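Chemist: Attaching a single structure in structure tokens format; questions to follow.
The values are calculated or read from the model by the stated rules, or taken from the named source; none is laboratory data. Bear in mind the structure is a predicted one, so any value in this text is a computation, not a measurement. When we count neighbours, we look across all protein chains shown, and the Cβ atoms used for this are built from the backbone with ideal geometry, even at glycine. Heads up: the accessible areas ignore ligands, DNA and RNA and are worked out on the full protein's heavy atoms, side chains in. Shrake-Rupley method; radii C 1.70, N 1.55, O 1.52, S 1.80 Å.
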Amino acid sequence: MPDIPVNDVIVLPDESLVAATDLGVVYRATGQTQWTRLGSGLPTTTVMDLSVGPDGNLYVGTHGRGIW
């Protein structure tokens with residue numbers, strides 16, 4: 001993962017990790033060491049908050065770009 005500020009981290013039910021950073025959202029699968037960028041069409045922007053909704057979807061709160 002690049003040396004960038006991380007604003008929020010959540011552990012998903014399968015124990016994978018999702019991190020909100022100043023350059024978007026990155027994901028690390030369970031048992032892996034490689035981080036990958038998450039989100040199709042998600043702009044490269046500061047992400048301030050992550051939340052898993054009751055529908056099981058991951059919701060991303062950005063700085064000035066809305067909720068994805």
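Chemist: Contour minus end-to-end for Arg65 and Val9, with contour as 0.36 nm per residue of separation and end-to-end as the Cα-Cα distance?
Modeler: 18.2 nm
Chemist: Still on this structure, please answer the following. Just the number, please: carbon plus sulfur as a percent of the accessible area of the chain, 1.4 Å probe, no ligands or DNA/RNA counted.
Modeler: 53 percent
Chemist: Now a separate question. Binning at 10 angstrom from zero up to the longest distance, how are the C-alpha pair distances of the chain distributed in percent?
Modeler: Percent of pairs per bin, in order: 22, 57, 20, 1.
Chemist: How much area per residue is accessible in the chain when the probe is 1.4 Å and only protein heavy atoms are counted (Å²)?
Modeler: Working: 4340 Å² over 68 residues.
Per-residue accessible area for the chain comes out at 64 Å².
Chemist: Sticking with the crude label model, points 7 Å out along Cα→Cβ, report the distance from Ser51 to Arg28 in nm, one decimal please.
Modeler: 2.5 nm
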